[in-house]
Structure formats: C-alpha cells, structure tokens
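The values are calculated or read from the model by the stated rules, or taken from the named source; none is laboratory data. Everything quoted here is computed from the prediction, not taken from an experiment. For the accessible areas, the whole protein counts, side chains as well, though only heavy atoms, and no ligand, DNA or RNA atoms are used. Shrake-Rupley method; radii C 1.70, N 1.55, O 1.52, S 1.80 Å.
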Amino acid sequence: MLFIKKTVAAGLVLSLGIGMSCVLFAESVQKKSSNSEKSVESEYLSDIDTEIISSLANSDEYDNKLVALQYLKEAVDGGNTSDGIVAALDKLAGDGISSQARTNGRVMNNFPDIRREACLLLGKVKTEHAKNTLVSIAVADNEPMVISAAVRSLGEIGINQNDEVIDAIAFANRRNEVLNPTSSLALEVLNAFETLSPTAENKKTMIDAIARIAVDYNYVTPVRQKAYKLLKQMSQSDSSSKDSKDSKDSKESNESKE
C-alpha cells in the first residue's frame with residue numbers, strides 16, 4: 001500500500017514537472033515570437049518614418065520642411081544617423097542653393113532658416129560625409145546665418161585634413177567681409193578657428209583671417225577683442241611649442257654626444 005502511494009506521488013510530481021516545463025516552454029516561444037514581431041514592426045516603422053521624412057524634406061512647401069526638421073532632430077538626438085536621415089539633412093541644407101525649384105523663373109524653395117537648422121543638425125552627425133556637405137554649404141551659400149551655422153558645425157565636427165576645413169572657413173569669411181560683413185559670422189569663424197587650431201598644418205591662412213577681423217571696425221567691439229585674444233593665444237602656443245621642440249632637440253643632441 002505504501003509503495004502504491006509513493007508511486008502515485010512520484011507520478012503526480014512528474015506530471016506537474018512536465019506540465020510546468022510545457023508552460024515555461026510555451027511562454028518562452030511566445031516571448032521570442034513577440035520580440036521577433038516587435039523587432040520586425042520596429043524596423044518596418046523606422047523605414048516608414050524615413051520615407052515620410054524624405055517626402056517632407058523633398059516637398060517645396062515650407063511647413064512640410066519644418067515638420068521634416070522636427071522628425072530629423074528627434075532622430076539625430078536619438079542616435080539615428082542612418083543614410084536616409086543624413087540624405088534628408090543634405091537635401092534641406094542645400095535647398096534653394098544646390099537644388100532649386102523654380103516657378104516663372106523665381107526660386108520657390110529658398111528658405112535660409114531651414115538650411116541653417118539642417119546645418120546645425122549635421123554638426124551632430126560628425127562624419128566625413130557631414131563635413132563635406134558643410135564645407136560645400138559654407139563656400140556656396142550667400143546667407144550669413146546659414147554660413148554661420150555651417151562654420152559652427154565644422155568646428156564641432158573637428159575634421160580638418162590638409163587644412164581643407166580651415167581654408168574653406170577662411171574663404172567664406174573673406175567673401176562675406178567684402179560683400180556683407182556680419183559680426184555673428186565673424187564670431188563663429190573665430191570659435192571654429194580656436195577649436196581647429198591644433199589640427200592646422202599651416203596656420204598662415206587662419207592667422208590672416210583672424211587679423212583682418214581684429215582690425216575691421218565693421219565688426220562689433222567684443223568680436224574684435226576676441227580676435228586679438230585668439231591671436232595672442234596662438235602666438236603663445238606657437239612659442240611654447242617651439243621652446244619645447246628646442247629643448248627636446250638640445251636634450252637629444254647632448255645624449256648623442258655622451
């Protein structure tokens with residue numbers, strides 16, 4: 001009788017164990033299936049979002065471009081810098097300049113404030129591609145507010161191979177100081193030069209541009225003062241680097257003699 005009870009109890013435990021395993025297995029399968037469905041859904045929605053953003057960015061309507069910028073800001077702030085997002089930023093940054101929509105000879109998509117915001121967002125992408133787009137905007141655009149944004153973003157990205165970016169910024173500033181000297185643009189140029197200075201291979205172009213800002217009374221006093229201060233900082237930095245190099249060369253020479 002005792003043996004029978006034990007056998008029945010063991011059978012119940014086994015049945016409960018099998019039942020519990022089946023339940024856990026079913027929950028696991030359901031969870032995996034749910035996660036898979038969410039992943040597919042997320043990817044699908046992301047593709048749709050990119051298509052919507054692209055459509056809005058390519059529209060000739062100002063309001064549609066504003067909405068596109070809102071989506072793009074959320075995407076970039078969230079770490080999404082996919083090809084579709086960057087392509088939409090490229091489009092908006094060059095709208096009215098590199099790509100024009102005309103009606104009866106009139107440019108219909110010239111919205112400087114849209115270009116400005118797109119340039120600022122490209123500064124957060126921080127890639128070689130973003131840098132190239134911003135260089136093109138800086139040298140081609142004719143609106144100081146847009147050029148200022150492009151220059152600021154170039155400073156934030158910090159890429160300056162072969163002084164390409166420094167030369168582009170200096171060119172943009174030179175053109176605008178002749179046609180339309182603007183203190184806000186000059187300030188962004190100084191800030192960018194200050195950031196990029198350690199990457200410069202030849203500082204002459206940069207120093208010439210800063211010196212012209214320092215003595216140009218078309219610019220407000222604080223901007224000219226910053227230019228003087230930056231020249232002094234660069235002079236001290238160069239002097240310190242030269243002293244360090246001379247000291248290193250002297251030390252190596254003495255060690256060689258010993």
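Here are some notes:
- Per residue, the range 77-180 exposes an accessible area of 43 Å² to a 1.4 Å probe, with every protein chain left in place.
- Close amide H pairs (under 5 Å, H built 1.01 Å from N) link Asp95 with no residue at least 5 positions away or on another chain.
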